[in-house]
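The structure under discussion appears below in the form of structure tokens.
The values are calculated or read from the model by the stated rules, or taken from the named source; none is laboratory data. All values derive from a computational prediction rather than experimental measurement. Cβ sites come from the backbone with ideal geometry, for glycine too, and all protein chains shown count toward neighbours. These area figures cover heavy atoms from the full protein model, side chains too; ligands, DNA and RNA do not enter into them. Shrake-Rupley method; radii C 1.70, N 1.55, O 1.52, S 1.80 Å.
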Amino acid sequence: MESSLRSAAFGDGVPPPNPFAVPASPRGRLLAAIGLGARGRYAAAATLLNGLRASGSPVFASLAASTLASHRRQLGGHAAALVLDGEALALVITEPQGEPDPDGLDAEGARADALLGLAADNLGRGRLTAARRLLARAGVHCGNWRTRTRAGWVGAEIELAGNISGAAVAPAEMALETARARGACRHVVKSSLVLAVTIANRGSAERDRAKALVESARETAEKYEFNSLLWVACLLEADFGAGHADEYRSRSAELLHAVLRHADPCGRWLARESPWVPL
């Protein structure tokens, strides 16, 4: 069971036979929550994650808090995510490494997740200097592919927010290369979207590449029901699909409303209050 959940979260993206069957182990519950969140099942994921936050394992409680923070950010709740990422960091700031995990589900990965989450939270609140500082702190913990990929996303987004689009390309390219090398389907989708945004305005050739990246990401997200990314991909495709913009915007709205129907009350409230979520 855990192996199929890990593959769904960090590998080929194929959901397990019963995505709502949850193992008893903390790692299994975390993997199940990650898979549910990827498909926009935020309420079911939050139930698992809140249970893990109350568990006796500092590492899995930290990873659960960081994962829940990422779900809050995906619904525009950067302030709420900031509290959760702070909690995540406090739990593992002095925790010994223990047995390493290939996907960063260990103390070092938990520290990196918390710091990268805090960087993204500050970025979303317009605090670029703090975001850069936290990204730099996370750099010493980037020993696994997942952390390097996430650091690439945050690094690219910081440069875009600072209007330094040229500097955003290298971390975005690195994220996509790293995710592809791991064969991490969901991370390839998000990395493709981040890279597409960074290169979209760099000339016609790059715009064609950006369009292809978005189209491929949307198709993959559709295939594996990565609804947390699919509504965003459809919005981006509306920017490129000259004759089909209204169709993609309508599809994005349908997906977003479906995601919100499967969110917990806190997630729905954050989305309604957020300037980032196009309700």
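Among the residues of the stretch 143-198, those identified as in a loop (DSSP other than H, G, I, E, B) and either aromatic (Phe, Trp, Tyr) or buried (at least 20 other Cβ atoms within 10 Å of the Cβ) (or both) are 144, 184. Restricting attention to the stretch 232-269, the residues that are crowded, with 23+ Cβ neighbours inside 10 Å and in contact with a Ser or Thr (Cβ under 6 Å, 6 or more places away or on another chain) add up to 1. Residue pairs whose Cβ atoms lie under 6 Å apart, separated by 6 or more positions or on different chains, with the first residue in the stretch 108-131 and under 11 Å from residue 158 (Cβ atoms) and the second among the hydroxyl-bearing types (Ser, Thr, Tyr), do not occur.
Does residue 94 satisfy the criteria of being among the polar types (S, T, N, Q) and buried (at least 20 other Cβ atoms within 10 Å of the Cβ)? Taking the combined requirement at face value, the residue does not satisfy it. Scanning the stretch 3-38 for residues that are outside any helix (DSSP H, G or I), in contact (Cβ under 8 Å) with a residue 12 or more places away in the chain and either more than 24 Å from residue 231 (Cβ to Cβ) or within 16 Å of the chain's Cα centre (by Cα) (or both) yields a total of 7. Pairing residues of the stretch 139-153 that are without any contact (Cβ under 8 Å) to a residue 60 or more places away in the chain and within 10 Å of residue 179 (Cα to Cα) with residues that are in a helix (DSSP H, G or I) and open to solvent by 30 Å² or more (accessible area, probe 1.4 Å), at Cβ distances under 6 Å and at least 6 apart in sequence or on separate chains, gives 145/182. Applying a threshold of 9 Å to beta carbon distances and a minimum spacing of six or more residues, or different chains, the list of pairs starting in the stretch 39-56 at a residue that is farther than 17 Å from residue 15 by Cα and open to solvent by less than 70 Å² (accessible area, probe 1.4 Å) and ending at one that is aromatic (Phe, Trp, Tyr) and in a helix (DSSP H, G or I) reads 52/60.
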